[in-house]
Amino acid sequence: MHDIYYTARSTYDKDHNEDGMSWKKYLEWSRLIHLKELVSVDSMLNKVLVKPDRNQEEDWKYLVIDNYYETGFFTSLDYVLRRMESKEKFNLLAIVIEPKQDCKNVMLEGFEWVGYDLLDKEYTISALTNCGGFDETSLPADLNHFGLIDDYGNASTIKQRLLENNPDEYHADTSIIAIWRHITLGRVNPG
């Protein structure tokens, strides 16, 4: 199995009331009207709730860096919980970057499988849910009700076709991110 990393992200669903686009407007813009909730690692739509202290050398050992980019992923679940902004509702996620095989049957204690995201190389934008769609490559029906791809083969095919069909589009060069969500933490007030 690959390295498993962790992150805590804000929720984006019908209860979304922070700055930015309302849930209703997002569904209309994205044409993903079948979504019940967006469970993405897109840091613009599901912002990172973990706040590392970059002035502390100790914190740097927990940050996952790829090609000079901070990914918003961390090496320790305990660190994520310690450094997380206090929220009543959030998505506590376990992730694998660029898995080499299907992950949907991989069981992680306390987590449930939710799907695959395709994240740009800066680990900021999801090509699936925050680029306005790439109709020549995939359609809204390719995504589950979390805005993710269920099947590893489909994720690999869409990733490849996305870059082939959009070679000049920066956000079309993506990494496959396998995602599990914690079953209880963040789903209800842990308080």
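Here the chain is described by how far its Cα atoms reach on the three principal axes: 44, 34, 33 Å, from widest to narrowest.
So what is the relative contact order of the chain, in percent, for Cα pairs below 8 Å that sit 6 or more residues apart? Walk me through the numbers on the way to the answer.
Numbers: 368 pairs, mean separation 54.7, N = 191.
29 percent.
Arranged from fewest to most other beta-carbon atoms within 10 Å of their beta carbon, Arg9, Arg181 become Arg181, Arg9.
Can you sort Thr129, Thr184 from fewest to most other Cβ atoms within 10 Å of each residue's own Cβ? Write out the running numbers ahead of the final one.
Values: Thr129 27, Thr184 10.
Listed from fewest to most nearby Cβ atoms, that is Thr184, Thr129.
Here Lys61 is the anchor, and the lysines within straight C-alpha reach of less than 29 Å, apart from those fewer than 8 places off in the same chain, are Lys47, Lys51, Lys87, Lys89, Lys100, Lys104, Lys121. Of the residues Ser10, Gln56, Cys103, the one whose Cα sits farthest toward the positive end of the charge dipole of the chain, with +1 on the Cβ of Lys and Arg and -1 on the Cβ of Asp and Glu, is Ser10. The angle between the Cα long axis of helix 152-165 and the main principal axis of the chain comes to about 60°, on a 0 to 90 degree scale.
Placing +1 on the Cβ of every Lys and Arg and -1 on the Cβ of every Asp and Glu, with no other charges, gives segment 5-182 a dipole of roughly 420 debye about its Cα centre.
Using the 10 angstrom Cβ neighbour count as an exposure proxy, how do Ser40, Ser86 rank, fewest first?
Details: Ser40 28, Ser86 8.
Listed from fewest to most nearby Cβ atoms, that is Ser86, Ser40.
Laboratory data are not the source of any read-out in this text; all were calculated from the coordinates shown. Fair warning: this is a prediction, and the values are worked out from it, not measured in the lab. Glycine gets a Cβ as well: all are built from the backbone with ideal geometry, and neighbour counts include every protein chain shown.
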